[in-house]
Amino acid sequence: MAHPQHPSLAALREPHPATASSYGTIDMTAATKSHHGHSHDSGHHHDDGHHGHGHHQASGGAETSANGKKLQVDAEPVPIPTYKQSWFQYVSLIKGLPLTFKLSDNAKAGATVALVNIPLGISLSLAGGGTPTQGIVTTFWGGLMAATVGDSHFNIVGTTGALSGLLHNVVAAHGSAALPVVAILTSVLLFVAFFARLDRLTRYISTPVAEGFSVAVAIIIGCAQFPSAFGLTGLQPRETFFAKLAMSLSCMSTARYQDAVTFFVSFAALFLLTKWKGTIPWAIVIATVGIALGTYLPIGTLTLLRTKFPSIPAVLILPLDWTMVSGLATSEASIWLSCVGVACVAALETIISAEIGNRMAKIVKPLNTNREMLGVAVSNAVSGAMGGIPCTAALARTSLNVRSGATSRMSVIICALLVGLISMFVMPFFSEIPMACIAAILFMVAYRLINFHEIELMFEADAPGAYVFMMTLASCLLLDTFYGLIVGAAASCLVTWSERMPMITVADISTGSARGARAVHVRVLSSLLFVNRAVTRELLWSAFATLPRREGYQPESEEEEKQLLVTKQALGEVDDDAAASSGPSILLRIDVGPLVQFDVDGAVLLGDFINYAKKELGGSVVVTVDCSELTFMTLRHFEAFKHWSKPGAPVS
């Protein structure tokens, strides 16, 4: 059947009302961005005054099909929301709900994360060369500021393993007193990045680069625990990873079996208990048992935290030498280079964590990455001013926050307040925790930084990505984690760069009346790669949102009834009488046959789009994907396509 041509996207953005034909096609390419007068490289919507999509107003009324029949549209096309909010609405609302919504669930999630945050805040501060009190100060102020200013409602900001390698190098060069200075200078760089909209550069960090960086950080954290795990003595400070590792191995003759046994038992218990029930904060359990051992065992049996820090003040504000801040900022050029690395990692980790948290919580609203950049900038500024160390979002704790039932930023606020309140009472007891228990907790943190599933996918389905992963990992270990990120990003662009911008075609090819069984055809041209994932996401979501929404339906002809039955049978619902009355039936056909190239990020984006489309269309949706045999064999490795039997068959 020949279908009339659909109005162009530019026409949909004209001031006059326009209605999307239920038989038409919407072609969206990167070139259509010129109708906005600007482009969003990051693929996220921001409060910049207006968006072309948001101004489109569609009128209802009759439409004409290919055979001249007048059709009545039941619902108008849904425009892309602009999410223009006041500051108070932005801070207090999520999904249009106030902060007090499900307060008990948020309090439970906040308390759960707070119990994990206290031992991890202390442990990761020690891993970066800081003090226990600095860990609590950073966890409290960093988390509270991020919850107030950042865009994410779920991000837990504090001390993290991702920064520990960089911070340890700063301490080796300038001493631990320089850490608050680094936090303040890092915030300056992040404020510059916020005003310059440098959040858009995160598009050049692919999944293989991020995973290579994470594995390198995990290895660095794990190997750095050898002195604490085995009670080593006689160590001399070293700057590079391999020099530190060699120093630890050379001192293994000084190992104490009591500390080694405590470490292995603590790590084994933490590992097995986490596998058994991951929602319980086992780190605080291990820390409590360790404190009991350190308190009641004879002095000298285990190496305790008070051996290194005899006095641990229970305060939330530490004195800061502002003359040192100005002195290092003006006379030490090397510290600025370190701050550049810390700022890059802090911004990257925060944005990635926020996006994953929103995805876990099924938040449709696009993440405002620039506002998230502002949040981490303010967090570092306040943390440094209060005597803390640089901070960023922690993905593991953010995931725990969502899994624990958080529904808004109130959970993060409660978490930060509880960290401050509890630490005031328990900090004196933490001096009795064995260093081997802290090493076990950090070793578990390092293990959980490694996403074994993603790495397996890269080696099975994305050979170029696997090479980039290994190059990033090697560069981080041989050079530095910051330089490793740069090398990985450059290699990723060289290996997978495509000059062809994506073109998306979305067509509603429904037959019969506008209330009939729906068939939506999505055609993806050129490449799906990490470098164009942001614009591809915007094109897909924007084009899809212009389709008319239809409510329930009753077949008006024998042909429509047959079409409904075929769709229902594809869904496994063979009872056509029951199926006809159960609601709308939609066939979503995705054609990726013309794909020139795609990587892990492109495949994940395609899976996310399928989930989004099913949610937006409503009713019973069957999704089919047309592609080459090679593309089919590759996509089957990913979660969204694991039940897919063959090209053209239903995916879900």
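The values are calculated or read from the model by the stated rules, or taken from the named source; none is laboratory data. Because the structure is a prediction, the values reported are computed rather than measured. Positions of Cβ are backbone-derived with ideal geometry, glycine not excepted, and every protein chain shown enters the neighbour counts. All accessible areas refer to the heavy atoms of the entire protein, side chains included, with ligands and DNA or RNA removed. Shrake-Rupley method; radii C 1.70, N 1.55, O 1.52, S 1.80 Å.
Put Phe267, Phe632 in order of accessible area, highest first, and with a 1.4 Å probe you get Phe267, Phe632. In a fully extended conformation the segment linking Phe459 and Thr301 would gain 52.3 nm over its present Cα-Cα distance, using 0.36 nm per residue. Note on Leu305: accessible area is roughly 0 Å² with a 1.4 Å probe, heavy atoms of protein only.
Label positions at Ala649 and Ala292, each projected 7 Å from the Cα along the C-beta direction, are separated by 5.4 nm. Summary value for region 317-387: 50 percent relative contact order, contacts being C-alpha pairs under 8 angstrom separated by 6+ residues.
With R₀ fixed at 30 Å, the C-beta to C-beta distance from Asp105 to Tyr204 puts the FRET efficiency at about 0.20. Remark: the Thr240-Ala268 segment gains 7.2 nm on full extension, using 0.36 nm per residue and subtracting the alpha carbon distance. Pairs exceeding a 29 Å alpha-carbon distance, out of Lys108/Lys244; Lys102/Lys615; Lys275/Lys308; Lys108/Lys308; Lys244/Lys275: Lys108/Lys244; Lys275/Lys308; Lys108/Lys308; Lys244/Lys275. A protection proxy built from the mean count of other Cβ atoms within 10 Å ranks the segments 271-280, 173-182, 429-438, most packed first, as 429-438, 173-182, 271-280. Positive contributions from Lys and Arg (+1) and negative ones from Asp and Glu (-1), summed over other residues with Cβ under 10 Å from the Cβ of Leu232, come out at 0. In the neighborhood of Leu304, defined by Cβ-to-Cβ distances under 13 Å, what is the net charge if each Lys or Arg adds +1 and each Asp or Glu adds -1? That sum, taken over residues with Cβ under 13 Å, equals +1. Over region 224-320, Cα pairs under 8 Å with separation of 6+ residues give a relative contact order of 23 percent. Its alpha carbons considered, region 103-150 gives a radius of gyration followed by a Dmax of 11.8, 37 Å.
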